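A short write-up of the structure that comes next.
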């Protein structure tokens, strides 16, 4: 199995809150957990294009600013992802669930008051968000 590249994004409002989505029962993994967004990099895409596409697909919003935070090597029992992590400024008024088969709730949270349970990979991603 070869590694895949994922663009992981922590959407924020510029005022200290981050956007998290609760994964629905039909989510690919860890249903019921809260997570930031992510999506696979497609052939020929720039990182910024992938993030813009994925934020639109997941949250129906257009990024106002995109900043690369770092890279994580994510090894799981059945997959290996190279996760390029971004901070993405969005307008909270634009955000909605655009993929109801993946998510059943959205919420804005401060890093000090996160919901529970969290996706197993979220803590390491938020450490890069700082």
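Listed here are the residues, each with its yes/no results for (1) in contact with a helix residue (DSSP H, G or I) (Cβ under 6 Å, 6 or more places away or on another chain); (2) under 15 Å from residue 107 (Cα atoms).
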site	(1), (2)
18	no, yes
35	yes, yes
62	no, no
82	no, no
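Listed here are the residues, each with its yes/no results for (1) over 13 Å from residue 11 (Cα atoms); (2) over 14 Å from the mean Cα position of the chain (by Cα).
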residue: 63; (1), (2): no, no
residue: 66; (1), (2): no, no
residue: 72; (1), (2): yes, no
residue: 92; (1), (2): no, yes
residue: 95; (1), (2): no, no
residue: 108; (1), (2): no, no
residue: 114; (1), (2): yes, yes
residue: 118; (1), (2): yes, no
residue: 125; (1), (2): no, no
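Determine which member of the set 25, 82 is more than 16 Å from residue 127 (Cα to Cα) and at pLDDT 95 or above.
Numbers: 25 fails: at pLDDT 95 or above.
On inspection, the qualifying residue turns out to be 82.
The values are calculated or read from the model by the stated rules, or taken from the named source; none is laboratory data. A quick note: this is a predicted structure, and the numbers were derived from the prediction, not measured. Cβ: placed from backbone, ideal geometry, glycine included. Neighbour counts: every protein chain shown.
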